[in-house]
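Read through the structure below, which is laid out as C-alpha cells, and then see the notes.
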Amino acid sequence: MFPVSAFIAMSLSTTLVSRFSLRSLVIAGFALSVLPSVLAVAFSFAALEEFARYSKRTAYRVAEISQKTQVLRERLLANERKVKQFLVLKEPALEEASWVTHRQVNQIISQLVTQTDDPGLHVQLQSLRNLSETLFREVNRLASLPGTGNASLAPEREAAAVKAAKPALNQLPDALFDKMNELGEEIGLTAAASIDRMVAELELEASDVQNGILLTTGILVPVSLLVIAVFIHLITHPVRQFDRAIRQLGIGNLQDTISVSGPSDLRYLGQRLEWLRDQLTTLEWAKQQFVRNVSHELKTPLANIHEGATLLADQIVGEINSEQRGIIEIMLSNTSRLEHLISELIHYGSASASREGVKFQRVDMRELVRAVVRDYELRLRAKSVSLVQRLSPVVMSGNRAQLRLVVDNLLSNAVKYVKDCGTIDILLAERDGYLHLEIRDDGPGVRPDERGLIFEPFYRSSSGRDAGVKGSGLGLAIVRECVASHQGKIDVSDAESGQSGAVFRVRMPIDPQV
C-alpha cells in the first residue's frame, strides 16, 4: 500500500513541479521549508506568553494569600486586644476600634475566599466568619450589662451589677478568642498547603509547556527536513538526468532517448539535448555511411592494382629489371597497407554502428582469449616475449566477432609496444557481474595527456611515433566502439610503481541489456 501511495504522491508532485520554473521551485521550496520553523517559533512564543500570564497570576495569588493570612492573624490578635479593653473600660473609642478590627477581619476573609479555590479553606474561612459574628453579638450583649460606665444607677446597685457580670466577662470572650486564634492557625496551615499546590501546578504547567514545545519542534522540524529533502530531490533529479545524458553523449551512446523531467525550463533544456542527440545521430550515421561506401569503393580498384603489381612481379607479361622490381615491391607494400587500412575502416564502421540487428550469444571468453593468443605465437617468439595468462572461466552474453576484435586489437597493440624479451600479462576474471580484462605490457607507456585521445580515430600516440611503430590509429578506436556496444568501459593507466608500460582495462557487464 505504501509504495503505491508513494508512487502516486511522486507522480502528482512531478506533474505539479512541471508547471513551475526552476526559480519558482527554489523560492517555493525555501518558503515551504521555512514555514514549519516559523510555525514552531510562533507556537513556542504563544505557549511561553500564556505560561508567563499564568505564572504571573499564580505568583500574585500566592503573594496575596500569604500576605492576607498573615494580616488575618494579626487582625485577630488586635481584635482580641481591643474587645477585651472595651469590655473592661467601656470607652466609646475602644468600641469604635473593636468594630473597625471586626470589619477588617471580615474584609480579609472575603478577599481570601475570592483569591483561593480550595474548598477546605473556604469552609475554615466561613467558620471563622461565623465565630467573628458570634463574638460581636456576645460583645454587644455583655456591653449592655450594668457596668462602671452606667451613670444612671446608684453606686451600690452599679457595684452589684458589675460583680454579677464579671464571671461572663472572664469566660465568654476568652473561649471565643481561643477558638478564633486556633482556627486562624489552621487557616494559615491550609493556606500554606494551598500555596504549595499552586506552586506544584505551576511547575506542572511549566513542564507541559516545555513538553508541548518539544513535541511541536519534534514534529515540525522533521517536516521541515522532509520538505527540504523533497525539494532537493525535485531540483537535483533533473540535474542528475542532465549529467547522465551528457555522459552518454560523451561516450558516444546515441541510442537512448533523452528525457528530462522537472521544472519547465529544465525540461526545455532536456528537449534541446534530445535535439542535439538527433543531430549527432544523423551525423554519426552519415559518417558511417561515408566510411563504408568509401571503403567498399576503394577496395575493388585497390585489389586490381595489387593484382596487376603481382602479375608484373611474377613477370607474367614480360621480364623486368632490378629497378622495376624495386618499384613493384614498393607498390605491393603500399597496396597491402591500404588494404589493411580499408579493412580496419570497415571494422570501425561496423563497431560504431547501432547494435540493432547484431546478434548476441553466450561467449566463452577464456577460450576466445586463448584462440587469439594462439594466432600471435609466432610474433611473440620473434620478439622473445613472455606471455603470462591468468584466465578465469567467464561466460558472457555478447557479439563474438566484436569481442574477438577487442582482444585481438589490445593484444596486437601490446605486441607492437612491448620490449624485445619483455613480458605481456593478460588477466581475465568476473567480479560483481562484470567481466574484467587487463592487458599489460612493459613498453614506453602512454602519456597522461594522451590517455583520452588514443581512443579517437586515426590518433597515434607520441611514443608510437617516436618508436617508429606502424599503425593506422584505428585499433583502439575500434576497441572503444566494441566495448561501448556491450555497455562497457575501457581505460588506460600506468603499470605499477617501479615498472614501465601501460595497462589497458576493459569492464563489461556479463549480461548487457540489449
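The values are calculated or read from the model by the stated rules, or taken from the named source; none is laboratory data. Treat the numbers as computed from the prediction; the structure is a model and nothing was measured. Positions of Cβ are generated from backbone atoms using ideal geometry, with glycine treated the same way; all protein chains shown enter the neighbour counts.
In segment 218-237 there is at least one residue matching the filter, namely being in contact with a Pro (Cβ under 9 Å, 6 or more places away or on another chain) and over 25 Å from Ala47 (Cβ atoms).
For first residues located in segment 237-251 and touching a residue at least 40 places away in the same chain (Cβ under 8 Å), partners that are among the hydrophobic types (A, V, I, L, M, F, W, C) and exposed (fewer than 13 other Cβ atoms within 10 Å of the Cβ) and lie 6+ apart or on another chain with Cβ distances below 8 Å do not occur. Evaluation of Asp174 against the conditions (1) at pLDDT 75 or above; (2) within 24 Å of Leu72 (Cβ to Cβ) shows that the sole unmet condition is (1). The C-beta contact set for segment 373-396 (first residue under 30 Å from Asp432 (Cβ atoms), second residue assigned to a loop (DSSP other than H, G, I, E, B) and at pLDDT 90 or above, distance under 7 angstrom, 6+ apart or interchain) comprises Met396/Ile510.
Can you tell me which residues in segment 221-263 are polar (S, T, N, Q) and over 24 Å from Leu35 (Cβ atoms)?
Listed by number, the residues that qualify are Gln241, Gln248, Asn253, Gln255, Thr257, Ser259, Ser261.
Taking the criterion of being of a type in the set (Lys, Arg) and surrounded by 14 or more Cβ atoms within 10 Å (Cβ to Cβ), no residue of segment 198-241 qualifies. Pick from Glu156, Glu186, Glu203: which is outside the structural domain of Pro457 (by TED's automatic domain parsing) and modelled with pLDDT under 80? Just a single option satisfies the conditions, and that option is Glu156.
Any idea which of Asp442, Asp420, Asp449, Asp425 is at pLDDT below 90, acidic (Asp, Glu) and in contact with a strand residue (DSSP E or B) (Cβ under 9 Å, 6 or more places away or on another chain)? Break it down stepwise before answering.
Working: Asp420 fails: in contact with a strand residue (DSSP E or B) (Cβ under 9 Å, 6 or more places away or on another chain); Asp449 fails: in contact with a strand residue (DSSP E or B) (Cβ under 9 Å, 6 or more places away or on another chain); Asp425 fails: at pLDDT below 90.
That would be Asp442, the only listed residue that is at pLDDT below 90, acidic (Asp, Glu) and in contact with a strand residue (DSSP E or B) (Cβ under 9 Å, 6 or more places away or on another chain).
Report, by residue number, each residue of segment 226-272 that is aliphatic (A, V, I, L, M) and closer than 28 Å to His486 by Cβ. Result: Ala245, Ile246, Leu249, Ile251, Leu254, Ile258, Val260. Checking each residue in segment 385-403 for being surrounded by fewer than 18 Cβ atoms within 10 Å (Cβ to Cβ) and either polar (S, T, N, Q) or not in a strand (DSSP E or B) (or both) picks out Ser386, Gln389, Ser392, Pro393, Ser397, Arg400, Ala401.
Confirm whether Asp256 is outside the structural domain of Val34 (by TED's automatic domain parsing), of a type in the set (Asp, Glu) and at pLDDT below 80.
Numbers: outside the structural domain of Val34 (by TED's automatic domain parsing): yes; of a type in the set (Asp, Glu): yes; at pLDDT below 80: yes.
Taking the combined requirement at face value, the residue satisfies it.
Taking the criterion of being touching a residue at least 40 places away in the same chain (Cβ under 8 Å), in a loop (DSSP other than H, G, I, E, B) and either in contact with a Gly (Cβ under 9 Å, 6 or more places away or on another chain) or of a type outside the set (A, V, I, L, M) (or both), the residues of segment 425-451 that qualify are Gly433, Asp441, Asp442, Gly443, Pro444, Gly445, Arg451. With respect to the stated conditions, Gln70 fails to be buried (at least 16 other Cβ atoms within 10 Å of the Cβ), over 60 Å from the mean Cα position of the chain (by Cα), polar (S, T, N, Q) and part of a helix (DSSP H, G or I).
Out of all the residues in segment 387-414, which are modelled with pLDDT under 90 and hydroxyl-bearing (Ser, Thr, Tyr)? The one that is modelled with pLDDT under 90 and hydroxyl-bearing (Ser, Thr, Tyr): Ser412.
Screening Phe51 with (1) in contact (Cβ under 8 Å) with a residue 40 or more places away in the chain; (2) closer than 21 Å to Ser132 by Cβ; (3) not aliphatic (A, V, I, L, M) gives one miss only, at (2).
Residues are listed down the side, and each one gets a yes or a no for (1) at pLDDT below 75; (2) in contact with a His (Cβ under 6 Å, 6 or more places away or on another chain); (3) over 22 Å from Pro222 (Cβ atoms):
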site: Met10; (1), (2), (3): yes, no, no
site: Ile27; (1), (2), (3): no, no, yes
site: Ser37; (1), (2), (3): no, no, no
site: Phe45; (1), (2), (3): no, no, no
site: Glu49; (1), (2), (3): no, no, yes
